[in-house]
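What follows is one structure encoded as structure tokens, with my remarks underneath.
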Amino acid sequence: MRKRIIKPSFWSSERLAGVSHGSRLTYIGLWQLADRSGRLRYNPRWIGAQLYPYESVSIEDWLNELEKAGEIFVWDSECGHRVLTIRHFEKHQHVHPNEAESEYDDEFNEKFTLGIP
């Protein structure tokens, strides 16, 4: 996991006001799992094990809730992976300059040159 910052404005975000407590906590956790571009493989079982290792949680429900709220979206990569992208990640997180490049950047830029779906 990576170190990430939670800005004070997160807690009063109107965009996240409509999602459950579990979804908001999961959203914060996704920042720590994501690469420098806000992307990670979409694998709910793995995500749940990383964020909630000692609990039985509704991770798929929370991810679906975040997707419906427009905070994340999931797409299929050419290499056969499903990829989760956190919208506007770069506006909210300043990554360490030595952090590795995203393995999905080139493909993402090809698919979504005019914006995020």
A chain fully extended from Ile28 to Tyr54 at 0.36 nm per residue, minus the present Cα-Cα distance, gains in nm 7.6 nm
With label points set 7 Å from each Cα along the Cα-to-Cβ direction at Arg41 and Arg15, the distance between them in nm comes to 2.7 nm
Taking a ≥ b ≥ c as the square roots of the eigenvalues of the Cα gyration tensor, with a/c under 1.5 meaning rounded and otherwise prolate when a/b exceeds b/c and oblate if not, region 1-56 is oblate
Mean accessible area per residue over region 1-102 (1.4 angstrom probe, all protein chains present, square angstrom) is 61 Å²
Output ordering of 15-22, 85-92, 61-68 (per-residue mean of other Cβ within 10 Å, highest first) is 61-68, 85-92, 15-22
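The values are calculated or read from the model by the stated rules, or taken from the named source; none is laboratory data. Quick caveat: nothing in here was measured; it's all calculated off a predicted structure. Methodologically, a virtual Cβ is constructed for each residue, glycine included, from the backbone with ideal geometry; neighbour enumeration extends over all protein chains shown. Heavy atoms of the whole protein, side chains included, go into the accessibility calculation; ligands, DNA and RNA do not. Shrake-Rupley method; radii C 1.70, N 1.55, O 1.52, S 1.80 Å.
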